[in-house]
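Please treat every number below as a calculation from the coordinates, not as lab data. Small disclaimer: the values here were computed from a predicted structure and weren't measured. Don't worry about glycine lacking a Cβ; one is built from the backbone with ideal geometry, like all the others, and counts go over all protein chains shown.
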Amino acid sequence: MKITHQKYPEHHLANETERGENLGIDFILSSILGVGAVVIYFLIIDDYEPIPFKIKATAFLIYLAVRFAYYFCFEAIYGRTPGKFQTQTKVVDKHGNKPNLFQLLIRNLVRFISVLSGISDDERAIHDSASNTFVVQDSQLKRIESRQPMIVLFNLLISVFWIYYLTRTAGKSAEETALLIALILTTVYAIVVGFRRIGKKSNLKKYR
């Protein structure tokens, strides 16, 4: 995405940084809820070893359904997700009003194939265009800090997965090996981000 404010001058579109922050916060929060729902699903069903494809597919659909519900419900009720509360942005239709439920349905279904928006030069993401909606910035909106709780939940989730992996006594399956690789990469990412935040705070103190 490349925001120039020229294609849609009647709308104060959220910039790339704000859209990126929305994506990061909402992806992590919705994924935590989705993974939690999948864990509950596995606790309810019988213990299969190995896990059949049907159960894996069902678990993945549950994950997607929870993430869809997260976005749809927040945007239907508030016009904003927790990420948008952080950045003071909201979803509107072409008239600047709250989108109808059909627009939000299309928007949040298409969201899952909207990953290519990041390399597009258009000023709207694919799910924005498909639903004829806009994400706009409004400094008058109430800001609610959601970044810090998101970071805490993210680190907590990493810790839970590490505990699960390290306490497993049985032989490691291919899925668990993939989990280990994902955990290592995610932990490295969390450490790098943590040091960056510490560095930014140190720099701010120097200039005060």
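For a protection proxy built on the mean count of beta-carbon atoms within 10 angstrom, sort 74-85, 20-31, 55-66 highest first, please.
Going from most to least packed, we get 74-85, 20-31, 55-66.
Using 0.36 nm times the number of residues separating residue 163 and residue 182, minus their current alpha carbon distance, what extension gain do you get?
5.4 nm
Roughly what would the spin-label model give for residue 142 and residue 43, points 7 Å off Cα along C-beta, in nm?
Label at residue 142, label at residue 43, 3.2 nm between them.
Please compute the modelled spin-label separation between residue 97 and residue 60, points set 7 Å along Cα→Cβ, answer in nm with one decimal.
4.0
Just how large is the dipole of segment 16-142 about the Cα centre, in debye to the nearest 20, putting +1 at every Lys and Arg Cβ and -1 at every Asp and Glu Cβ?
340
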